[in-house]
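> Quick one: this structure, given as structure tokens, is what I'll be asking you about.
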Amino acid sequence: MTQVNQIEADEILEIFNKKNESIFFIDVRDPEELEEGTIPNINKISWNEFPKYIENLDKNKKYIIVCNTGAKSNRGAEIMLKQGFSDVSSFSGGMLSWYENDYPLA
């Protein structure tokens, strides 16, 4: 199986600041987890809805999956890669590392 690309918080911030619309962020946390805040202007889809949600996505776009610690985002990226998505990364450390760095929140 393909190894999931892991991206750390500082690189996520750099990507976020470039506002590159060809990179699609997906936060897979549940609504109660989102209450602490998330990366501004990213797509939010709960983990339970994730498998159905990705059925309609373009498999050739670049995706970065976000969760609280990096565990769910890694699993989500694995699922997407198995389904034929070509460029999927996981936010290693997740939102906990984003909060620790005091990066922007929505």
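The values are calculated or read from the model by the stated rules, or taken from the named source; none is laboratory data. Because the structure is predicted, anything quoted here is derived from the model rather than measured. All Cβ positions, glycine included, derive from the backbone under ideal geometry; neighbour counts span all protein chains shown. Accessible surface areas use protein heavy atoms only, side chains included; no ligands, DNA or RNA. Shrake-Rupley method; radii C 1.70, N 1.55, O 1.52, S 1.80 Å.
> Filter region 9-27 down to residues that are among the hydrophobic types (A, V, I, L, M, F, W, C) and either out of contact with any Phe, Trp or Tyr (no Cβ under 9 Å at 6 or more places or on another chain) or not in a helix (DSSP H, G or I) (or both), then give me how many there are. Don't jump to the end; show me each part of the working.
Applying the first criterion (among the hydrophobic types (A, V, I, L, M, F, W, C)) to region 9-27 yields 9, 12-13, 15-16, 23-26.
Those left that are additionally either out of contact with any Phe, Trp or Tyr (no Cβ under 9 Å at 6 or more places or on another chain) or not in a helix (DSSP H, G or I) (or both): 23-26.
Matching residues across region 9-27 total 4.
> If you take the residues in region 1-40 that are modelled with pLDDT under 95, touching a strand residue (DSSP E or B) at 6+ places or on another chain (Cβ under 8 Å) and among the polar types (S, T, N, Q), which one is least open to solvent (accessible area, probe 1.4 Å)?
By that ranking, first place goes to THR38.
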